[in-house]
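The values are calculated or read from the model by the stated rules, or taken from the named source; none is laboratory data. Just so you know, these numbers come straight off a predicted model, no measurement behind them. Note that we place each Cβ from the backbone using ideal geometry, even for glycine, and neighbour counts take in every protein chain shown.
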Amino acid sequence: MKKKDIIVIGAGPVGLFTVFEAGLLGLNCVLIDNLDKPGGQCAELYPEKPIYDIPGVPFQTGQEHVDALLKQIEPFDYELFLSQRVDSLSEINDGDERFWEVVTTENEKFISKNIFIAAGAGSFEARRPPNIEDPDKFINNGVTYAVRSIAQYKDKNIFIFGGGDSALDWTVELSKVAKSVSLVHRRDAFRGAQHTEEMMRDLVKKGDVNLLTPYLIDSIIGEQKVTEVTLKNFETNEINSYEADELIFLFGLNKKLGPILEWDIELSGKKITVNTENFQTNKEGIFAVGDINDYPGKLDLILSGFHETTLAVQEAYKRIHPGERVPFGYTTSNSKLQEKLGVKK
Ligand SMILES: Cc1cc2nc3c(=O)[nH]c(=O)nc-3n(C[C@H](O)[C@H](O)[C@H](O)COP(=O)(O)OP(=O)(O)OC[C@H]3O[C@@H](n4cnc5c(N)ncnc54)[C@H](O)[C@@H]3O)c2cc1C
């Protein structure tokens, strides 16, 4: 069992930035994530999409943002445990002191006075096409639920399924590299940004994108790899088959709070209620930061999560060093940090 200053559940951008703020105050962290890589939604859902609203950074893709955060926390004391979900959270006594204990699905155990739930939308899972039995049989062999690398789609026959922003964005982007792109949706109306829809429809007019509405998937054909797909016309019930290399299903995510529901923490719908002074939940020492929390005026933005966790770390410090003033200093004059970074004066 490892004792840490802060246990962070979720290694999305907000969890990663927690390490930075904790490090400035000399606190160590452990980060646990059920995904196989750090970065949360940025790395899993939109690694190659540009983010424009990180202050002072005019443009950064999701993955570049994660890489920058990982670089930023390099000087600090933290450990990262991946591919395991935090399943249980309980209060324990250690001598005279009260601690929180977390146990993961890989049976790793940690204790700490401070738990930061930075679990975003909870453990998330891409929605599968409802009428196809075991589409995951072809996973990464022609079936995916997120675009990880544009290069993978070069000169391929691609079918994108969905009617939201992701489906529209990737139709436009991948039409630049693919052999052919077909956008398949059950109706000829889209929920995404109007501007992107217009771009998609222009590409259809130019013959660079095939728009297949009102269609839905009927079957996936292939041995080891996808070679064909059959689609059903919603109006005529006619079924046609098409040569296909890659099927990208962008039906959104099922957000599952999962174990968090069992931790007896006050919820507001599917989010965790916090006070905005220190982002603590109704349980002392349990904080909720980033997309997972809710309070009046909450915005699910990365920069909001950065603010929240900065204040929460201050409270965590007070819980570890009761009665002490939380040291405050600008990073511009933090000589210890500059030393670690090898900054020459
Ligand atoms: C397509 C898209 C575009 C976006 N564009 C922008 C943008 O331009 N600007 C912006 O500010 N925001 C944008 N966002 C929103 C932004 O990505 C989120 O606000 C941000 O990722 C929230 O960070 P987080 O760390 O709170 O949570 P997340 O990024 O969701 O990370 C949470 C992590 O916690 C893990 N987790 C959950 N439960 C457990 C558990 N029990 N055990 C272990 N791990 C667990 C999950 O696996 C996940 O990795 C966008 C989102 C999407 C989907």
Considering only residues that are within 16 Å of the ligand (Cβ to nearest atom), in a loop (DSSP other than H, G, I, E, B) and not hydroxyl-bearing (Ser, Thr, Tyr), look in the stretch 284-339 and name the one that is farthest from GLU21 (Cα to Cα).
GLY297
Which condition from (1) in a loop (DSSP other than H, G, I, E, B); (2) within 23 Å of GLU308 (Cα to Cα); (3) of a type outside the set (A, V, I, L, M, F, W, C) is the one that PRO259 breaks?
(1)
Is it true that some residue in the stretch 99-113 is within 11 Å of the ligand (Cβ to nearest atom) and either closer than 19 Å to PHE306 by Cα or among the aromatic types (Phe, Trp, Tyr) (or both)?
no
For the stretch 260-278, name all the residues that are within 20 Å of the chain's Cα centre (by Cα) and surrounded by 18 or more Cβ atoms within 10 Å (Cβ to Cβ).
ILE260, LYS271, ILE272
Strands (runs of 3 or more DSSP E) contained entirely in the stretch 139-227, each with at least 1 residues that are out of contact with any helix residue (DSSP H, G or I) (no Cβ under 8 Å at 6 or more places or on another chain) and of a type in the set (Phe, Trp, Tyr):
157-161, 215-222
One residue is enough: does the stretch 298-311 have a residue meeting the conditions hydrophobic (A, V, I, L, M, F, W, C) and farther than 25 Å from LEU45 by Cβ?
yes
For PHE251, work out the one condition from (1) under 28 Å from the mean Cα position of the chain (by Cα); (2) at pLDDT 95 or above it doesn't fulfil.
(2)
Filter result for the condition that a residue is assigned by TED's automatic domain parsing to the domain that holds GLU243 and modelled with pLDDT of 95 or more, over ALA193, ALA167, ALA146, ALA151:
ALA167
Can you tell which of VAL57, VAL86, VAL66 is within 30 Å of THR196 (Cβ to Cβ) and buried (at least 22 other Cβ atoms within 10 Å of the Cβ)?
VAL66
Just to be sure before I move on: is LYS270 within 21 Å of GLN84 (Cα to Cα), among the basic types (Lys, Arg), modelled with pLDDT under 95 and within 13 Å of the ligand (Cβ to nearest atom) in the structure I sent?
no
When only residues in the stretch 120-138 that are acidic (Asp, Glu) and away from the ligand (no atom under 16 Å from the Cβ) count, which is farthest from the chain's Cα centre (by Cα)?
GLU133
Only one of (1) part of a strand (DSSP E or B); (2) among the polar types (S, T, N, Q); (3) more than 16 Å from the ligand (Cβ to nearest atom); (4) touching a residue at least 12 places away in the same chain (Cβ under 8 Å) fails for ASN254. Which number is that?
(3)
Suppose the filter is within 12 Å of the ligand (Cβ to nearest atom) and aliphatic (A, V, I, L, M); does ILE117 pass it?
yes
Report the residue count in the stretch 285-342 for those that are among the basic types (Lys, Arg) and either within 22 Å of GLY15 (Cα to Cα) or surrounded by 14 or more Cβ atoms within 10 Å (Cβ to Cβ) (or both).
4
Quickly run through the stretch 115-138 and pick out the residues that are assigned to a strand (DSSP E or B) and closer than 12 Å to LEU253 by Cα.
SER123, PHE124, GLU125, ALA126
